Amino acid sequence: MPRANSPSLPRHVAIIMDGNGRWATHRGLPRSAGHKAGIDALRRAVRAAPEQGIEYLSMYSFSTENWQRPKTEVAFLLNLLRRFIKQDLAELHAAGVRIVVIGARSDLEPSLVALLCHAESLTKENIKLTLVIAFNYGAKQELARAAKALAQEAVAGRINPDDITVDRVEQALNTAGMPDVDLLIRTGGEQRISNFLLWQCAYAEFLFMPLFWPDFDGAALQRAIAEFQSRDRRFGGLRAVTA
Ligand code: FPP
């Protein structure tokens, strides 16, 4: 869909992929089967997004709080990320997808960090879609890291505290250079943001969908975009009056 004819399309869609466990439990399957099916839904979303005019797709794959899950589930999710990158990287690259991984890397195994860096550097010139994989991500932690980096710059005398503006903070975030989130989708029926992209969602439209993430597909994305287009975004101003 050409953007010029569709001014109200969301440029940046962020998704909290919730409901994998319940999807599996309803089928009498282990939770891991839900996460596996979640990868297929992720692939469908990545394919559908550029067809629907989306430029940035941010996917909440593992939160800083997810370490509290049983060790076996954590290990499964870490391995799923590794397998997803290994299996899909060539295809994503051929499709023009740029991969950006956000979150803290310090707790991840060096071989996984190396794989993520490789995926990012291989795809860095791609422009069809930016796929942001939030892994070991927490928005409060991201903001604290940004504050620390800016404080260190100030202490070193490279910036003046008066230079710490909204723009400067944005440059210090993992999403530097990306537009703010236009549409935040959460599947699975819960209505909360769970420490995802708090700064970047300042004026996002929120959409909570009852379906479980493994059931998400291109048609669900299309419904979400239609809902987004029906919203009146005023960004704190007044509704535009047409003569
Ligand atoms: C929430 O469902 C989902 C997660 C914590 C992980 C999301 C992960 C995927 C979709 C696949 C992994 C993707 C990558 C790139 C590794 P839940 O387990 O909280 O479901 P529940 O609320 O029904 O228990």
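None of the figures in this text is laboratory data; all of them are computed from the coordinates on show. What you see is a predicted model, and the numbers here were worked out from it, not measured in a lab. Glycine gets a Cβ as well: all are built from the backbone with ideal geometry, and neighbour counts include every protein chain shown.
Results, tabulated for the structure shown:
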{"quantity": "Local electrostatic count at L29 - Lys and Arg +1, Asp and Glu -1, tallied over other residues with Cβ under 15 Å", "calculated": "+1"}
{"quantity": "Separation of alpha-carbon centers, the range 146-220 and the range 21-72, rounded to whole Å", "calculated": "19 Å"}
{"quantity": "Summed residue charge, Cβ within 10 Å of G96's Cβ, Lys/Arg positive, Asp/Glu negative", "calculated": "+1"}
{"quantity": "DSSP-assigned coil residues among chymotrypsin sites (Phe, Trp or Tyr not before Pro) in the range 158-243, each with at most 11 further Cβ atoms within 10 Å", "calculated": "F235"}
{"quantity": "Those aspartates and glutamates that a straight Cα-Cα span of less than 17 Å connects to K128, excepting residues fewer than 8 apart in one chain", "calculated": "E51, E55, D88, E91, E120"}
{"quantity": "All lysines inside 28 Å of K148 as judged from Cα atoms, apart from same-chain residues fewer than 8 positions distant", "calculated": "K124, K140"}
{"quantity": "Amide H contacts of I102 (H built 1.01 Å from N, under 5 Å, at least 5 apart or other chain)", "calculated": "I133, A134, F135"}
{"quantity": "Among K128, K140, K148: highest mean-square fluctuation, GNM of the chain, C-alpha pairs under 10 Å", "calculated": "K148"}
{"quantity": "The chain: calculated mean residue ellipticity at 222 nm from DSSP helix runs of at least 4, using -39500 (n - 2.57)", "calculated": "-13500 deg cm²/dmol"}
{"quantity": "Nonlocal amide H pairs with I15, under 5 Å, H built at 1.01 Å", "calculated": "S58, M59, Y60, I185"}
